[in-house]
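> The structure is given below, and queries will be raised subsequently.
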Amino acid sequence: MTGLLLRLAGPLQSWGERSVFSAVRDTARFPTRSGIIGILAAAQGLARGDSLARYDDLEFTIRIDRPGILLSDFHTVGGGLPTHLTAATSGGKNKGDAVITRRHYLADAVFVAAVSGHEDQIEQLARALQYPHWAPYLGRRSCLPDEPFLLRSAVADPVAELLTAVPLSSPYTDERRPSRASQHAPRVEFLWEQPPTDEREAVRLTINDHPVTFAPHARSHAKRHLYRTVEELPVQLLETNQRTLHQRLIDYATGSAPNTESTEIPA
């Protein structure tokens, strides 16, 4: 088994859990299995009706760097237009009025996902993510990911990387960030697909996000369990010297050593 690491961050993201095309388009508070498989399938160029069985053996582990803020958008389509220009119905007619929806998003959220699987499949997925057939998005097409998106591929132990090596996005704004001297080892939430085998306390969640098919008129999902834990990470992952988070992420993604010649800010 090997794996790859995806950083799921951007101004907005939305991971629908319960709604399809209803008046309220919800979002889960973390990336769903369905959403991540959708990213992989789009990168590989799968059609919506193609079998998703090839992804069944993949295991996802999510690190919640910053949970983000829940945002609700009041959204209208077709208001003030003649009937023939309003939104179409499934019967081929027009609604004759505005379509009103409330769409939920996570603003300023940051997640890092470890995708574990067989070496051959991980190599294929990494190649597709580097040269995607369809561009990735964070749950909805309007939600574009930050760079770097694919942090690393062909990682021997991607979960260990989440715990010890991948730079951590601060949960604070600049005004609230504590000084380096006052920082303690950060405690960060993780989501696992398998229950812990040790004595760690875990909260079991049930979510309806295992995709059976993405077929446009037969989309369906199955229930599965997740296990939420809180892990204590090395304080070095929150390094706050002159190097920005983006610089450290680029260093990590490219395997480059940081520039040690820069002058540190005096305490």
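The values are calculated or read from the model by the stated rules, or taken from the named source; none is laboratory data. Predicted, not measured: the structure shown is a model, and the values here were computed from it. Positions of Cβ are backbone-derived with ideal geometry, glycine not excepted, and every protein chain shown enters the neighbour counts. Accessible surface is based on the protein model in full, side chains and every heavy atom, while ligands, DNA and RNA are left aside. Shrake-Rupley method; radii C 1.70, N 1.55, O 1.52, S 1.80 Å.
> Within region 67-104, which trypsin sites (Lys or Arg not before Pro) sit in a loop by DSSP and count at most 13 neighbouring Cβ atoms inside 10 Å?
Loop-located and lightly packed - 93, 95.
> Semi-axes of region 182-229's equivalent ellipsoid from the Cα gyration tensor, sqrt of 5 times each eigenvalue, largest first, rounded to whole Å?
Here the semi-axes work out to 32, 14, 7 Å.
> Consider all pairwise Cα distances in region 25-147 and report the whole-number % of them above 21 Å.
Summing the P(r) of region 25-147 above 21 Å gives 54 percent of all pairs.
> Give the whole-number value, in cubic angstrom per residue, of the convex hull volume spanned by the C-alpha atoms of the chain.
Per residue, the Cα convex hull of the chain comes to 159 Å³.
> Per the Kirkwood formula on distinct C-alpha pairs, the Rh of region 50-109 is how many angstrom?
After inverting the pairwise mean of 1/r, the radius is 15.6 Å.
> Nearest 10 degrees, 0 to 90: what angle lies between the long axis of helix 33-43 and the longest principal axis of the chain (Cα atoms)?
For helix 33-43, the angle is close to 90 degrees.
> To the nearest Å, what is the center-to-center distance of region 200-255 and region 9-85, using C-alpha atoms only?
Centre-to-centre (Cα) distance: 15 Å.
> A further question follows. Accessible area per residue for the chain in Å², computed with a 1.4 Å probe and the full protein assembly in place, what is it?
Normalised by residue count, the accessible surface of the chain is 56 Å².
> OK, next. Only Lys, Arg, Asp and Glu count, each charged at its Cβ (+1, +1, -1, -1), so figure out the dipole size of the chain about its Cα centre, rounded to 20 debye.
1240 debye
> Still on this structure, I have one more. Where nothing but the Cβ of Lys and Arg (+1) and of Asp and Glu (-1) is charged, how large is the charge dipole of region 55-112 around its Cα centre, in debye to the nearest 20?
420 debye
> Right, another one. Mind pulling the angle between the C-alpha long axis of helix 245-254 and the longest principal axis of the chain? Nearest 10 degrees, somewhere in 0 to 90.
It works out to around 90 degrees.
> Also: Arrange the residues 69, 62, 100 by how much accessible surface each exposes, largest first, with a 1.4 angstrom probe.
Working: 69 120, 62 10, 100 85 Å².
Final ranking, largest accessible area leading: 69, 100, 62.
> What value, in deg cm²/dmol to 500, does the helix sum -39500 (n - 2.57) over DSSP H runs of n ≥ 4 give at 222 nm once divided by the residues of the chain?
So the helix-based figure for the chain works out to -4500 deg cm²/dmol.
> Let me ask something additional. What fraction of the Cα pairs in region 21-83, stated in percent, has a spacing above 16 angstrom?
Result: 65 percent of Cα pairs exceed 16 Å.
> Follow-up question, since we're still on this one. Mind telling me which of 155, 99, 110 comes out most flexible in a GNM of the chain, alpha-carbon contacts under 10 Å?
Taking springs between Cα atoms under 10 Å, the residue moving most is 99.
> Still on this structure, please answer the following. Place a +1 charge on the Cβ of each Lys and Arg in region 84-129 and a -1 charge on the Cβ of each Asp and Glu, then give the dipole magnitude about the Cα centre in debye, rounded to the nearest 20.
Values: 5 positive and 5 negative charges, 103 e Å.
That gives region 84-129 a dipole magnitude of about 500 debye.
> Among 126, 104, 116, whose Cα projects farthest towards the positive end of the dipole of region 96-143, with charges put on the beta-carbon of Lys, Arg (+1) and Asp, Glu (-1)?
Working it through, the farthest residue towards the positive pole turns out to be 104.
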